[in-house]
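Quick notes on the structure that follows.
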Amino acid sequence: MLVIDPDECIDCAVCIPECPVDAIRAEEDVPPDQEHMIKLNLELSKAGWPSITRAKGALPDAEDWKDKSGKLAELKR
């Protein structure tokens, strides 16, 4: 899981088509059943997660996680 720091984001939308699982959306386009993710993104972006400053390949298990439900239960804070 990656998060976007809203204080650093310049709303250029370049990341949206780069996301392989369609998880990045403009805040106004977040579906109602996913609005809790806005608060979670903000919380985690302030928790000291490192910034990504260059493109990287997908993690080896990315396809395994792509369509998995219940992923939030796996989140370690």
21 Å Cα cut-off, lysine pairs counted over the chain (separation 8 or more, or different chains): 7
Net dipole in debye of the chain [+1 Lys, Arg Cβ; -1 Asp, Glu Cβ; about Cα centre; nearest 20]: 400
Cα-based shape type of the stretch 27-70, given that a ≥ b ≥ c are square roots of the gyration tensor eigenvalues and the cut on a/c is 1.5: oblate
Relative contact order of the chain, pairs being alpha-carbon contacts under 8 Å that are 6 or more residues apart, as %: 38
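Where a ≥ b ≥ c are the square roots of the eigenvalues of the C-alpha gyration tensor, would you call the chain rounded, which needs a/c under 1.5, or, failing that, prolate if a/b is larger than b/c, or oblate? All intermediate terms of the calculation are to be shown ahead of the outcome.
On the way: a/c = 1.23, a/b = 1.09, b/c = 1.13.
Cα axes put the chain in the rounded bin.
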Charge-dipole axis of the chain as Lys and Arg at +1 and Asp and Glu at -1 on Cβ define it, positive-most pick from Gly70, Leu2, Trp49: Trp49
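Taken together, the values in this text are just the output of simple stated rules run on the coordinates, not laboratory data. Note that the structure is a prediction, hence the values are computed from the model and not measured. Positions of Cβ are backbone-derived with ideal geometry, glycine not excepted, and every protein chain shown enters the neighbour counts.
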